[in-house]
1. Check the stretch 100-113 and report whether any residue there is more than 24 Å from residue 49 (Cα to Cα), within 18 Å of the chain's Cα centre (by Cα), in the same structural domain as residue 176 (by TED's automatic domain parsing) and surrounded by 17 or more Cβ atoms within 10 Å (Cβ to Cβ).
2. Quick one: what pairs do we get from the stretch 44-57, first residue assigned by TED's automatic domain parsing to the domain that holds residue 34, second in a loop (DSSP other than H, G, I, E, B) and exposed (fewer than 13 other Cβ atoms within 10 Å of the Cβ), C-beta under 9 Å, 6+ apart or different chains?
3. Scan the strands (runs of 3 or more DSSP E) fully inside the stretch 6-49 and keep the ones with 3 or more residues being over 21 Å from residue 74 (Cβ atoms).
4. Looking at the stretch 171-226, what strands (runs of 3 or more DSSP E) fall wholly within it and have at least 1 residues that are without any contact (Cβ under 8 Å) to a residue 40 or more places away in the chain, surrounded by fewer than 19 Cβ atoms within 10 Å (Cβ to Cβ) and in the same structural domain as residue 112 (by TED's automatic domain parsing)?
5. Quick check on my filter: what residues within the stretch 130-147 are in a strand (DSSP E or B) and surrounded by 16 or more Cβ atoms within 10 Å (Cβ to Cβ)?
6. Test each condition in (1) more than 16 Å from the chain's Cα centre (by Cα); (2) outside the structural domain of residue 200 (by TED's automatic domain parsing) for residue 163 and report the one that comes out false.
7. Does residue 71 fit the bill of being surrounded by 15 or more Cβ atoms within 10 Å (Cβ to Cβ), touching a strand residue (DSSP E or B) at 6+ places or on another chain (Cβ under 7 Å), without any contact (Cβ under 8 Å) to a residue 60 or more places away in the chain and in a strand (DSSP E or B)?
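The values are calculated or read from the model by the stated rules, or taken from the named source; none is laboratory data. Bear in mind that the values here come from a model prediction, so they are computed numbers and not experimental data. Cβ coordinates were reconstructed from backbone atoms using ideal geometry, including for glycine residues, and neighbour counts include every protein chain displayed.
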């Protein structure tokens, strides 16, 4: 018959017939809580350890309004806040242009391509577009730059969300030289649904075609912050 059984020999309290759910105290002054034969928690005078046996057991803490205020995904070794198991600051990505400049036509808002991926934690960055698949607030940063921009011409960065421009910023070549590399950086936070996506565009008014800079001078990165 199921019920509480006290084992005085092994300093153990069992809670089921097969004796695999219990509370026990060993000779090292450690209180061990097991469920289904798995070490759920160990308590000593100096430590409270959850999942001491390194089993694939998730751990979560609920707040008043969130069932996953703190979530530890044991199997994937991830810790998260507010969602269940994606990993703190994930998904995240960082990409930049390769060693070949991209030709941009005059007065044409053109999508920037980022051929080199430095980081893509969950394969959410593809075709120079980031689609998180996990709703949340995301921090982004990007830089665009053009080679040898004429005097008074501008280089503008356009941030597109779901195919429409959300905002733009520009920098002018205010020097006395028609051979001046000119760029603009931006950083921002978006509320993102799972299927929202973000892309970077560039524009200039240099009369003719202009080539972008290359490598780390053309960058796009982001990560979930909440």
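1. Within the stretch 100-113 (the criterion being more than 24 Å from residue 49 (Cα to Cα), within 18 Å of the chain's Cα centre (by Cα), in the same structural domain as residue 176 (by TED's automatic domain parsing) and surrounded by 17 or more Cβ atoms within 10 Å (Cβ to Cβ)), the answer is no, since none of the residues qualifies.
2. Hits for this filter: 44/28; 44/29; 45/29; 56/75; 57/75.
3. Once the strands (runs of 3 or more DSSP E) in the stretch 6-49 are filtered for at least 3 residues that are over 21 Å from residue 74 (Cβ atoms), what remains is 12-14, 22-25.
4. Where strands (runs of 3 or more DSSP E) fall fully within the stretch 171-226 and carry at least 1 residues being without any contact (Cβ under 8 Å) to a residue 40 or more places away in the chain, surrounded by fewer than 19 Cβ atoms within 10 Å (Cβ to Cβ) and in the same structural domain as residue 112 (by TED's automatic domain parsing), they are 180-192.
5. 130, 136, 138, 139, 140, 142, 143, 144, 145, 146, 147
6. (2)
7. Answer is yes for this residue.
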